[in-house]
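J.: Mind looking over this structure? Questions follow.
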Number of protein chains: 2
Amino acid sequence: MKKVYVIGTGMTKFGKLEKTGRELAIEAANDAILESGINVRDIEATYVSNAFGIGEEQLHMGPIINGSLGIPEIPSLSIESACSGGSAAFNQAYIALSGGYYDAALVVGYEKLSMNRTPENTKYFAMASDYWYEGMNGVTFPGLYALMASAHMNRYGTTEEMLGSVSIKNHMNGSYNSKAHLQKAIDMDTYLKSPVVASPLKLYDACPFSDGAAAIVLVNEDFNIDRPEKIEVLASARAGSMATLQDREELTGIPGARIATEKALKVSGLELKDITFVEVHDCFTIAEIMALEDIGFFPRGEGGRASLDGLTQFDGKLPVNSSGGLKAKGHPISATGIAQIVEIHDQMLYKVDSHRQVSDPHIGLTHNVGATGGSVSINIFKRSR
Amino acid sequence: MKKVYVIGTGMTKFGKLEKTGRELAIEAANDAILESGINVRDIEATYVSNAFGIGEEQLHMGPIINGSLGIPEIPSLSIESACSGGSAAFNQAYIALSGGYYDAALVVGYEKLSMNRTPENTKYFAMASDYWYEGMNGVTFPGLYALMASAHMNRYGTTEEMLGSVSIKNHMNGSYNSKAHLQKAIDMDTYLKSPVVASPLKLYDACPFSDGAAAIVLVNEDFNIDRPEKIEVLASARAGSMATLQDREELTGIPGARIATEKALKVSGLELKDITFVEVHDCFTIAEIMALEDIGFFPRGEGGRASLDGLTQFDGKLPVNSSGGLKAKGHPISATGIAQIVEIHDQMLYKVDSHRQVSDPHIGLTHNVGATGGSVSINIFKRSR
């Protein structure tokens, strides 16, 4: 397999934006190409991730993006993998580059959601669950994650305050991220008093729906680049789980996350202790706690305690979601997985605000979940000179 | 690059079916796995193509398919590339296998459309054009292809009878395909008297919207298979064109089809004369004529004459759409590109009705177009012993 490098990233502000999906996608793509320093004509394919194009009545955005970039002749496609679409698109580009099919590719994820009310978006995205068994019976994602939170609390004694510590940390990190959707710190009192969304999950357990886009330019070792520092993709792995919660043996973790992590560690030749910081999929606070346990950073049932003890703060033992995570940075569905990689990249190059810069951004991992784990992506990156 | 083989195919009947999208997808997938003879547990990833999941309120079908097959732990994703989604998914699987990232993969394309009326489907699929410039102003795909047909007729003198000859041929072939949506032969008089859909295109110029699914199992040379005949993928190439017709220099052909063909021929080391039969994207009759000229089988402006002269019949010089094509076999959008490959496979193994069996099914090519050419896929296959 050829080595693959992230050489340029772009990300719009996340939030309720006065721009269209195509404007957002092209803005991020242009920024990534500009930062990469390569000639746009060297890009051989565009991997676009989007889930809710129908909201703007525009599917098949790839040719529009490519046309706008002046490279209409290259191929594109749209990839959806629920909330992990961005990572799935990244993975496809990685596969093509590591195998030598292409030498340079552009990955773009975008979502435009703010023209809808939250209930509409919630219903739409529930279609990424096993809708006939879950969403159609009234269990949308807040409810599904609430079931997992209840199970985790019952089995391991995970507390509201532990969930709250995740939210408070991510809001703090987000307050120092100028591109975050929610740039405000919150305290435990605010968290505990926030309205219940789906018991035991409250408003401050849940990420917002955001507009936004993120993009990455990737090249392989055959593409001649000369720069002092390189962000190498050590592994890009994906796995799945039974689509419905009712078909799982366990609700306190996501099987696919464990499987994808094992694959990624094997390919990279690393052990977990080598990872110095991570971006995980905190669509709800419980998801961050499960992620830390699924990946294996903390034993089962101890993720909440680790968070409450501050181990996952940007200056803690294992910085988690220094970007603010989905919770505060925001969650423009198909942009999220790519935005996680943008954070890894920016941390590695010391380009983020000092109030959230991790001290050793040497080896980073991203964890991106589609639905309740039907799809999971794990990527590992290394900064090398 | 490792060699890649098609070792199993499955295809449901196409048409207005009393089955759900998930039933169709799983039926085709099971048939492909059964035919391949491999253990389902050897499949490492599932590539799903679907565009209109929202019609059944079910996106993110991959984990549901994998769960039904008993392999929930493997990754899946959904790929949309307008009407070429099936080929785009196939291409991603090919890239992964030829590069050695996976050794065995399942590709599934499906669509469930018959719960909607044709105007609703037409509007929905227009969202795969540059909707804000085309569909929103009333130009859906029949109109866009009508513009191309008008240009072709004006420049090259292509006639209604030439378009009609495409329709008649494909209906004849479809009448011998037990899985075709429209299994009836038509004559020129019926064609000429059919109602106008978008002048100059008539009802019998247009493919139907169909329900249906198709699936393929692919392996690479590292996967140990032992069988007398192999269907090898000699090339899988994709390219694009400007999304909107208004941005093109020419309306009489599709630039991306030429580019993808050049790529595929280069990789395969073949010349066009080596190709013995083809399945092309005849969403409208004019599209088949343009395809033959874009690929280069006939000089510009001579595709219509070639068709009228019978050169493209199943027993002609270059058999085109022996399956019945989109016109008669039907067009379940994201299944179409995969169904084309199923036909190549079945022809190569002499599994089709003798009334449409081509005489030398040695090297086959598929041509699959997304929208008006924003995405185009060309694949080349060879039967080898």
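J.: Could you tell me the distance between the Cα centroids of region B:212-251 and region A:269-314, to the nearest Å?
T.: Centre-to-centre (Cα) distance: 40 Å.
J.: Find the relative contact order for chain B and round it to a whole percent, using C-alpha pairs within less than 8 Å whose residues are 6+ positions apart.
T.: Reported as a whole number, the value is 26 percent.
J.: Whole-Å semi-axes of region A:313-385's equivalent ellipsoid, largest first, each the root of 5 times a Cα gyration tensor eigenvalue?
T.: Working through the eigenvalues yields semi-axes of 21, 14, 11 Å.
J.: Further question: Quick one: in chain B, whose Cβ comes closest to the B/A rotation axis, and how close in angstrom?
T.: Looking at chain B's Cβ atoms against the axis toward A, the nearest is B:GLY99, 1.
J.: Order of A:303-313, A:234-244, B:180-190 by packing, highest average Cβ count within 10 Å first?
T.: The densest-packed peptide leads the list: A:234-244, A:303-313, B:180-190.
J.: On to the next question. Mind checking the dipole of the protein assembly as shown: about its Cα centre, +1 per Lys or Arg Cβ, -1 per Asp or Glu Cβ, Debye to the nearest 20?
T.: 20 debye
J.: Among B:TYR131, B:TYR110, B:TYR101, which one shows the highest mean-square fluctuation when chain B is modelled as a Gaussian network with alpha-carbon springs under 10 Å?
T.: Maximum among the listed residues: B:TYR101.
J.: Additional query: Kirkwood hydrodynamic radius, computed over distinct alpha-carbon pairs, for region B:99-200: how many Å, to one decimal?
T.: Kirkwood hydrodynamic radius for region B:99-200: 16.8 Å.
J.: Could you give each residue of region B:332-345 its phi-based ³J(HN,Hα) in whole Hz, using Karplus coefficients 6.51, -1.76, 1.60 with θ = phi - 60°, and x for Gly or Pro?
T.: x, 2, 7, 8, 4, x, 6, 4, 4, 6, 4, 5, 4, 4
J.: Could you pull out every one of the lysines with an alpha carbon less than 20 Å from that of B:LYS184, ignoring same-chain neighbours closer than 8 positions?
T.: B:LYS13, B:LYS16, B:LYS169, B:LYS193, B:LYS202, B:LYS327, B:LYS329
J.: Continuing with the same structure: Two decimals is fine: what's Rg over Rh for region A:309-350, C-alpha atoms, Kirkwood radius as Rh?
T.: The Rg/Rh ratio comes out at 1.00.
J.: With just the Cα atoms defining each centre, how far is region A:57-124 from region B:189-203? Give it in Å.
T.: 38 Å
J.: Still on this structure, I have one more. Using the Kirkwood formula on the Cα atoms of region A:15-166, what hydrodynamic radius do you get, in angstrom to one decimal?
T.: 17.7 Å
J.: Moving on. Taking only the Cα atoms of region A:258-327, how large is their convex hull per residue, in Å³?
T.: Taking only Cα atoms, region A:258-327 has a hull volume of 85 Å³ per residue.
J.: What percentages make up the Cα-Cα pair-distance distribution of chain A when the bins are 20 Å wide from 0?
T.: Taking every Cα pair in chain A, the percentages come to 32, 60, 7.
J.: Further question on the same structure: Using helices alone, what [θ] at 222 nm do you get for chain A, with -39,500 (n - 2.57) per DSSP H run of 4 or more residues, divided over all residues and rounded to the nearest 500?
T.: Calculated at 222 nm, the ellipticity per residue is -10500 deg cm²/dmol.
J.: Can you pull the mean other chain C-beta count within 10 Å for peptide B:79-90?
T.: 4
J.: Restrict the search to region A:312-359; then list the trypsin sites (Lys or Arg not before Pro) that DSSP places in a loop and that have at most 14 other Cβ atoms within 10 Å of their Cβ.
T.: Sparse-neighbourhood loop trypsin sites (Lys or Arg not before Pro): A:LYS317, A:LYS351.
J.: Continuing with the same structure: Count the net charge of all other residues whose Cβ sits under 9 Å from the Cβ of B:LEU182, scoring Lys and Arg as +1 and Asp and Glu as -1.
T.: Once all neighbours under 9 Å are counted, the net charge is +3.
J.: Quick one: putting +1 on the C-beta of Lys and Arg, -1 on the C-beta of Asp and Glu, what dipole do you get for chain A around its Cα centre, in Debye to the nearest 20?
T.: 300 debye
J.: Would you kindly work out the equivalent ellipsoid of the protein assembly as shown from its C-alpha gyration tensor and give its semi-axes, the square roots of five times the eigenvalues, largest first in whole Å?
T.: Ellipsoid half-lengths, sorted descending, are 45, 25, 24 Å.
J.: Which ³J(HN,Hα) values in Hz, rounded to whole numbers, follow from the phi angles of region A:220-230 under the Karplus curve 6.51 cos²θ - 1.76 cosθ + 1.60, where θ = phi - 60° and Gly and Pro get x?
T.: Along region A:220-230, the couplings run 9, 5, 6, 8, 6, 10, 10, 8, x, 10, 10 Hz.
J.: Something else about it: Ranked from highest to lowest mean number of other Cβ atoms within 10 Å per residue, what is the order of the peptides B:72-79, A:158-165, B:197-204, A:33-40?
T.: Final packing ranking: B:72-79, A:158-165, B:197-204, A:33-40.
J.: Please list, by residue number, every one of the trypsin sites (Lys or Arg not before Pro) in region A:87-134 that is coil in DSSP and has at most 14 other beta-carbon atoms within 10 Å.
T.: Of the trypsin sites (Lys or Arg not before Pro), the ones in loops of region A:87-134 whose Cβ has at most 14 other Cβ atoms within 10 Å are A:ARG117.
J.: Return the average number of partner chain Cβ atoms within 10 angstrom of each residue Cβ along peptide A:49-62.
T.: 6
J.: If you don't mind, another one. Hey, in the GNM for chain A with a 10 angstrom Cα cutoff, which one of A:GLY67, A:GLY86, A:GLY337 fluctuates hardest?
T.: A:GLY67
J.: Next question. How shielded is A:63-73 by partner chains, expressed as the average number of their Cβ atoms within 10 Å of its Cβ atoms?
T.: The per-residue average across the peptide is 6.
J.: Oh, and also: When the Karplus curve 6.51 cos²θ - 1.76 cosθ + 1.60 is applied with θ = phi - 60°, which whole-Hz ³J(HN,Hα) does each residue of region A:136-145 get, with x for Gly and Pro?
T.: 5, 9, x, 9, 8, 4, x, x, 5, 6
J.: Same structure again: How much net charge surrounds B:PRO72 when only the other residues with a Cβ under 12 Å from the Cβ of B:PRO72 are counted, with Lys and Arg +1 and Asp and Glu -1?
T.: -2
J.: How would you classify region A:1-93 from its alpha-carbon gyration tensor, with a ≥ b ≥ c the square roots of the eigenvalues: rounded for a/c under 1.5, else prolate if a/b is greater than b/c, otherwise oblate?
T.: Rounded is the answer for region A:1-93, as its axis ratio a/c remains below 1.5.
No lab work stands behind these numbers, since they all come straight from the coordinates. Keep in mind that what you see is a predicted model, and the values were worked out from it rather than measured. No Cβ is skipped: glycine too gets one built from the backbone with ideal geometry, and neighbour counts run over all protein chains shown.
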